[in-house]
Every structure is written in C-alpha cells, then in structure tokens.
Amino acid sequence: MADKLAFELVSPEQLVLSVEADMVVAPGTEGDFGVLAGHAPLISTIRPGVVSVYDDKTITRFFVRGGFAEVTAAGLTVLAEQAIDLASVDRAALDARIKDTQEDVADAKDEAGRSSAQAALEHLQMLRNAL
C-alpha cells in the first residue's frame with residue numbers, strides 16, 4: 001500500500017479537514033501543484049480556487065479564497081482565508097446570492113459601496129465557476 005499524506009485544511013474559524021490522503025492538489029499562485037507523501041518541503045501562497053483531496057476512489061473538493069500552503073516532512077497544511085466544501089453548496093441559493101449582489105453593484109450609491117459589492121460578486125462568481 002502506498003504511503004499516505006497527512007493533510008490539514010484550516011480556516012480562521014476552524015479546522016476544516018484533517019485526513020490521511022493519497023494526494024492533494026492545491027491552487028498555488030504560480031499554478032496548481034500536487035502533493036504526495038514524501039514531497040520536498042515547500043511554502044506557497046494560495047490563490048482563490050479548488051483544493052482537491054484524493055483518497056482511494058473519492059475526491060473531496062473545497063473552494064478556498066487565498067491563503068498559504070506548507071509542505072513539511074509531517075505533511076501538507078493549507079491555511080485558507082476561507083474554505084467551503086463544494087459538496088455543501090446549494091446552487092440555487094448561490095445563483096440567487098449572485099443575482100442579489102449584481103443588483104447591489106448596480107444600486108451602489110458611492111465608489112466604496114460599489115467596490116465592496118463588486119469584490120463580493122467576484123468571489124461568488126469564482127465559487128460558482130468552481131462547481
């Protein structure tokens with residue numbers, strides 16, 4: 001049996017996932033990278049995207065909104081600004097939030113409000129694209 005990789009996904013609120021995985025693919029700022037057991041030490045910033053955790057025949061996917069990844073002899077840790085299990089996302093509710101946020105962008109009274117609403121809209125659209 002192949003060696004397993006110790007993997008932890010951590011958000012500011014909680015430990016999202018802690019498992020022994022076959023492989024993890026993360027969205028680094030320089031491109032996606034895969035990590036297996038025994039990987040060389042590495043530190044990378046994470047861009048918004050999908051972290052895929054491979055274990056036996058299952059793949060668990062999380063949308064992350066930036067952060068850092070560190071590979072050590074002990075395994076891989078991803079410290080994400082936000083982590084959302086894609087299996088738990090309600091597509092209809094997400095589409096409704098996108099529509100509401102588009103209206104917020106259009107209805108913004110000042111540049112600060114428009115900028116904030118636009119950033120929220122871009123985040124929601126990236127999440128929708130990840131599905």
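Just so you know, all these numbers are worked out from the coordinates, no wet-lab data involved. Quick caveat: nothing in here was measured; it's all calculated off a predicted structure. Glycine gets a Cβ as well: all are built from the backbone with ideal geometry, and neighbour counts include every protein chain shown.
Over the chain, DSSP H runs of length four or greater, each weighted -39,500 (n - 2.57), average out per residue to a 222 nm ellipticity of -9500 deg cm²/dmol.
By average Cβ neighbour count within 10 Å, what is the ranking of 106-114, 120-128, 77-85 from highest down?
77-85, 120-128, 106-114
Dipole of the chain, Cα-centred, from +1 at each Lys and Arg C-beta and -1 at each Asp and Glu C-beta, to the nearest 20 debye?
On the way: 11 positive and 21 negative charges, 37 e Å.
Approximately 180 debye in magnitude.
Which value does Rg/Rh take for the range 12-60 over its C-alpha atoms, Rh per Kirkwood? Display every interim value, and only then the final one.
Details: Rg = 11.4 Å, Rh = 11.9 Å.
Rounded to two decimals, Rg/Rh equals 0.96.
About its Cα centre, the range 11-60 has a charge dipole of approximately 120 debye under the convention of +1 per Lys or Arg Cβ and -1 per Asp or Glu Cβ, with nothing else charged.
Just round it to a whole percent: the fraction of Cα-Cα distances in the range 81-131 exceeding 15 Å. Could the numbers behind the result be given before it?
Values: 602 of 1275 pairs.
Here the tail beyond 15 Å accounts for 47 percent of pairs.
Against the main long axis of the alpha-carbon atoms of the chain, helix 111-130 sits at an angle near 40°. With contacts taken as Cα pairs under 8 Å and at least 6 residues apart, the chain reaches a relative contact order of 20 percent.
In whole Å, what three semi-axes, largest first, describe the equivalent ellipsoid of the chain built from its Cα gyration tensor (square root of 5 times each eigenvalue)?
On the way: eigenvalues 209, 49, 22 Å².
Ellipsoid half-lengths, sorted descending, are 32, 16, 11 Å.
Partner aspartates and glutamates whose Cα lies under 16 Å from the Cα of K4, excluding those fewer than 8 positions away in the same chain, are identified as E20, D22, D55, D56. The lysines whose alpha-carbon is closer than 25 Å to the alpha-carbon of K99, local same-chain residues fewer than 8 away aside, are K109.
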